[in-house]
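In what follows, a structure is listed as structure tokens, so that the remarks can point back to it.
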Amino acid sequence: MEENKILATVDGLTITEADVDAFIGNLPKEQQMFASNPQFREQALEQIITVHLYAKMAEEEKLEETEMFKKLIASARKDILAQLAMNKVLGDLTISDEEAKKFYEENQQFFQKGESVSAKHILVKEEEQANALLAAITSGEKTFEAAAMESSTCPSGAQGGDLGEFSKGQMVPEFEEAAFTAEIGKVVGPVKTQFGFHLIKVEKKNEAAVADFAEVEGSIKANLLQQKQVEVYTQKAAELREKYLTK
């Protein structure tokens, strides 16, 4: 889209594609996903136009000369200045790789990963069908993955039944017990759960271990940055109280 393209003019003031983009950029994230939808953009444009129309009305009625306008401007000025000051104090704060690594090494207890398995499954409604599929897989008539794609009622069937890696507590108890006790590569089942009957093939078992630094680096840095921001914010607020506050 051409950002400078003029979409409307309100008493000489132009509204462009860029204005619509800016308006949508300030909306909640779940609404921003519709930014390229023509109908949504038209609605956004109409809201911008309406705001300009009311602003024009306020100018004509000299509402900017009222005490209410002056109070709102003063309040907005204070809020903007405060936000700019906070941005100046906190904006350059970062967490280095060394700081994150040090925290990781000194707090290994926070990064424990429980035992997990990587598995595939086939879900069907009837036990008889599950047994028939088990027989076909065991005999070599079908691969587990092909059977999952053909017969599984779970969305994972499209990926050959692949559920990826999961740890204890993420699956229903019956399924979890079967998966964590199964031999790698051996199809077990049918396992009955509230969803139906499952055939399960465990691809890999992972012992409990400490998560690799690369897996948790992002969350460590985010948490440490938040802590640092709180500390600096609090310290600066105390300095400003000493400097400006009178009781």
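The values are calculated or read from the model by the stated rules, or taken from the named source; none is laboratory data. This structure is a prediction, so every number in the text was calculated from the model and none was measured. Cβ coordinates were reconstructed from backbone atoms using ideal geometry, including for glycine residues, and neighbour counts include every protein chain displayed. These area figures cover heavy atoms from the full protein model, side chains too; ligands, DNA and RNA do not enter into them. Shrake-Rupley method; radii C 1.70, N 1.55, O 1.52, S 1.80 Å.
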Principal axis extents for region 1-46, Cα atoms only, whole Å, descending order, please. 33, 18, 16
Need one number for region 1-106: average projected area of the convex hull over its C-alpha atoms, nm². 11.3 nm²
Mean Kyte-Doolittle of at least -1.0 and a Cα length of 30 Å or more along the axis: which whole DSSP H helices of the chain meet both? 38-60, 67-90, 213-244
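Before anything else, pin down the relative contact order of the chain: Cα pairs under 8 Å, at least 6 apart, normalised by residue count, whole percent.
Numbers: 270 pairs, mean separation 47.3, N = 247.
It comes to 19 percent, rounded to a whole number.
With a sphere of radius 14 Å drawn around the Cβ of residue 213, what net charge do the other residues whose Cβ falls strictly inside it have (Lys, Arg +1; Asp, Glu -1)? All intermediate terms of the calculation are to be shown ahead of the outcome.
Details: positive: 101, 102, 113, 221; negative: 97, 98, 99, 105, 106, 212, 215, 217.
Computed value for this residue: -4.
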How much of the pair distance distribution for region 92-163 lies past 19 Å, counting alpha-carbon pairs only, in percent? 55 percent
With all protein chains in place and a 1.4 Å probe, residue 71 shows an accessible area in Å² (nearest 10) of 140 Å²
Mean-position separation - Cα centroids, region 222-247 and region 151-212, in angstrom: 49 Å
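Express the accessible area of the chain per residue in Å², computed with a 1.4 Å probe while the remaining protein chains stay in the model. Before the final figure, lay out each step's value.
On the way: 17040 Å² over 247 residues.
Ligands and nucleic acids excluded, the figure is 69 Å² per residue.
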Percent RCO, i.e. relative contact order, over region 1-69, from Cα pairs under 8 Å lying at least 6 residues apart: 23 percent
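What net charge is computed for the residues neighbouring residue 233, neighbours being all others with C-beta under 13 Å from the C-beta of residue 233, Lys and Arg scored +1, Asp and Glu -1? Could you put the intermediate results ahead of the total?
On the way: positive: 88, 228, 236, 241; negative: 231, 239.
Computed value for this residue: +2.
Could you tell me the number of lysine pairs in region 71-167 with C-alpha atoms less than 22 Å from each other, where the two lysines are 8 or more residues apart or belong to different chains?
Details: 78/88; 101/113; 102/113; 120/142; 125/142.
The number of close lysine pairs in region 71-167 is 5.
When N counts the residues of region 166-247, how does its alpha-carbon radius of gyration compare numerically with 2.2 N^0.38 Å, as a ratio?
Details: Rg = 25.1 Å, N = 82, 2.2 N^0.38 = 11.7 Å.
Relative to the 2.2 N^0.38 Å estimate, region 166-247 comes out at 2.14.
Quick one: net charge around residue 105, please, counting Lys, Arg +1 and Asp, Glu -1 for every other residue with C-beta under 15 Å from its C-beta. The partial results should precede the final answer.
Numbers: positive: 101, 102, 221; negative: 97, 98, 99, 106, 212, 215, 217.
Around residue 105, the surrounding residues sum to -4.
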Which of 221, 62, 192 moves most in a GNM of the chain, Cα contacts under 10 Å? 62
Checking the cross-link filter: which aspartates and glutamates have an alpha carbon closer than 14 Å to that of residue 186, excluding same-chain neighbours under 8 positions apart? 145, 203
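Expressed as a whole percentage, what fraction of the accessible surface of the chain belongs to carbon and sulfur atoms when a 1.4 Å probe is rolled over the protein heavy atoms?
Working: 9050 of 17040 Å².
So the carbon and sulfur contribution to the accessible surface is 53 percent.
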Measuring from centroid to centroid over Cα atoms, what is the spacing of region 1-56 and region 115-134 in Å? 52 Å
GNM of the chain, Cα pairs under 10 angstrom: of 163, 93, 27, the biggest fluctuation goes to 27
